[in-house]
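Data block below; observations after.
The values are calculated or read from the model by the stated rules, or taken from the named source; none is laboratory data. Keep in mind that this is a model prediction, so the values were computed, not measured. Because the Cβ atoms are built from the backbone with ideal geometry, glycine has one as well, and the counts that use them run over all protein chains shown. Surface accessibility is based on the protein's heavy atoms, side chains included, excluding ligands, DNA and RNA. Shrake-Rupley method; radii C 1.70, N 1.55, O 1.52, S 1.80 Å.
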Amino acid sequence: MRVLIVTAGSRGDVAPFTGLGRRLLDAGHEVAVAAHPPFAGLVAGCGLDHRPLPGDPRELIRARAGAASPEEAREVTRAFLERLADGVVA
């Protein structure tokens, strides 16, 4: 079976899925993990294929922290999530 695990967020969001992916790989499945580019090494280090998702959650955190208003923070988040959704679909 071919399995694609999609996980977005921080290392704490991605790392647990590498364990799951590794167990699926050991059971004979083809496994890829779609995650943000900063986690490509983590995914590959577990012997799994990496599929990049757009954006970097660290940049989102910095942009939200620097937002001048709650509305600006929501707009930054909305734009990030739209790019992420487009990347998942692709």
Residue 44 paired with residue 10, simple spin-label distance in nm, labels 7 Å along Cα-to-beta-carbon: 2.5
The chain - percent of accessible surface contributed by carbon and sulfur, probe 1.4 Å: 57
Spin-label model distance (nm) - residue 2 vs residue 68, 7 Å beyond Cα toward Cβ: 4.8
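Would you work out the relative contact order for the chain, in percent, from Cα pairs under 8 angstrom that are 6 or more residues apart? Numbers along the way, then the final one.
On the way: 120 pairs, mean separation 21.8, N = 90.
Relative contact order of the chain: 24 percent.
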Counting all C-alpha pairs of segment 1-53, share separated by more than 19 Å (%): 12
Calculated FRET value between residue 23 and residue 79, using beta carbons and R₀ = 41 Å, to 0.05: 0.70
Cα gyration tensor category, rounded, prolate or oblate, for the chain with a/c compared to 1.5: prolate
Cβ-Cβ FRET estimate between residue 30 and residue 86, R0 fixed at 22 Å, reported to 0.05: 0.35
